[in-house]
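The values are calculated or read from the model by the stated rules, or taken from the named source; none is laboratory data. What you see is a predicted model, and the numbers here were worked out from it, not measured in a lab. Here the Cβ positions follow ideal geometry from the backbone for every residue, glycine too, while neighbour counts run over all protein chains shown.
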Amino acid sequence: MSVFNSKNLFAIASFVALGLYPLVSGSYGIDLVTKIMIFAVFALSLELLVGTTGLVCFGHAAFFGIGAYTAVLLASPTDASSLAWLLPASVLAASVYALMVGALSLRTKGVYFIMVTLAFAQMAYYVAHDTPLGGGTDGIYLMVKPTLGTWLDLDNAHVLYAFTLTTLVAVFGFLAVLLHSRFGRALSGIRVNEQRMRATGFSTYPYKLAAFVISGGIAGLAGFLFAIKDGYVNPEMMSWHLSGAVLIMIILGGLGDLRGALIGAFAFALLQEFFKSEAIFGAFAKHWNMGLGLTIIASVVFLPRGLVGLPEQIKTRLTGRRGEEGARHEAV
């Protein structure tokens, strides 16, 4: 596979553009794009489950919230904690919970799997909402942001932006390598036909559980970044609304492609900002959910492969011939 194919060039160009963005943007733009990149990491974690393995999880926000809460609960209230142990602790906490949830939920299939993952997420939500551990509805503040020695101060918006971008690139690269490995091909086989994979000698349960744990750990990493950025966590970070939002992101961008998770996260967030703009919509801006919902419905109807498949769809309409990528997608 060539390093300079269209997928890799798109990813490289996107990351270079994000790296140059702070040079032309103000503080609001940097803060907004930092938030979007964090949700892009979150979307990539769910893409591993839904787009690659075919496991529709509706409780993914639990791992995101656990990563965030772990960062705040373990951080020192008076001194800057070390990033070297706080970040791994957040990822580990989310991974351990993902292992527990996956070990039980993966014994079910279809809608039952969806409902079991939702139930576990709601359980985590109510632990944070109804107990002193999570601060109840008021949430918890991160008093002092972690550092790594003297050269990485995440209290600086530009440093946090660079750190978030580096994390996004690392997660994208890790998943790209993983999906092209034997493990990744096995996950794709499970998505296409799990029974056939079993017939060829694969024990699919360990593969699905490993994917579930990796996905949960990456979601915890995104939660850690979100807690560091806002300096605050609350139970809504574990709500089913957020699980639904990140699922919409990867559907909007295009399932089965890591680029779709990136595109979907940015498209979803920018559409929110667009429909919330009173300068454009006036009083209707308070009904931004309606505009966003109609746009998403339209995208699903007219872009069945998501935004990532738009260039191929345009090419097909202009030439009357399907590209190789579109043919492979329809074959699957």
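Structure notes:
- Test: residue in the stretch 203-219 that is modelled with pLDDT under 90 and out of contact with any His (no Cβ under 8 Å at 6 or more places or on another chain): yes
- Hits in the stretch 241-282 - residues which are part of a helix (DSSP H, G or I) and at positive phi: 282
- Condition met for residue 192 (closer than 15 Å to residue 93 by Cβ and of a type in the set (Val, Ile, Thr)): no
- Failed criterion for residue 210 (all others in (1) buried (at least 24 other Cβ atoms within 10 Å of the Cβ); (2) farther than 26 Å from residue 155 by Cβ hold): (1)
- If you go through the stretch 45-99 and keep only what is more than 22 Å from residue 177 (Cβ to Cβ) and without any contact (Cβ under 8 Å) to a residue 12 or more places away in the chain, you end up with 85, 96.
- Looking across the stretch 148-194, the residues that are among the hydroxyl-bearing types (Ser, Thr, Tyr) and in a helix (DSSP H, G or I) come down to 161, 164, 166, 167, 188.
- For residue 278: the one exception among (1) acidic (Asp, Glu); (2) farther than 17 Å from residue 33 by Cβ; (3) within 21 Å of the chain's Cα centre (by Cα): (3)
- Qualifying residue in the stretch 177-190 (condition: hydrophobic (A, V, I, L, M, F, W, C), surrounded by fewer than 23 Cβ atoms within 10 Å (Cβ to Cβ), more than 30 Å from residue 122 (Cβ to Cβ) and under 19 Å from the mean Cα position of the chain (by Cα)): yes
- Scanning the stretch 60-114 for residues that are among the aliphatic types (A, V, I, L, M), crowded, with 18+ Cβ neighbours inside 10 Å and assigned to a loop (DSSP other than H, G, I, E, B) gives 75, 106.
- Any hit, the stretch 12-24, residues being in a helix (DSSP H, G or I), farther than 26 Å from residue 128 by Cα, at pLDDT 95 or above and hydrophobic (A, V, I, L, M, F, W, C): no
- Output for the stretch 25-59, where each listed residue is closer than 30 Å to residue 207 by Cβ, part of a loop (DSSP other than H, G, I, E, B) and not aliphatic (A, V, I, L, M): 54, 57, 58, 59
- Selected residue (criterion: modelled with the highest pLDDT) from residues of the stretch 134-143 that are surrounded by 15 or more Cβ atoms within 10 Å (Cβ to Cβ) and aliphatic (A, V, I, L, M): 140
- Looking only at residues of the stretch 155-193 that are charged (D, E, K, R) and free of Cβ contacts under 8 Å to residues at least 24 places away in the same chain, we find that the one that is nearest to residue 20 (Cα to Cα) is 155.
- Selection of the stretch 117-142 for residues being free of Cβ contacts under 8 Å to residues at least 40 places away in the same chain and either touching a strand residue (DSSP E or B) at 6+ places or on another chain (Cβ under 7 Å) or among the β-branched types (Val, Ile, Thr) (or both) yields 127, 131.
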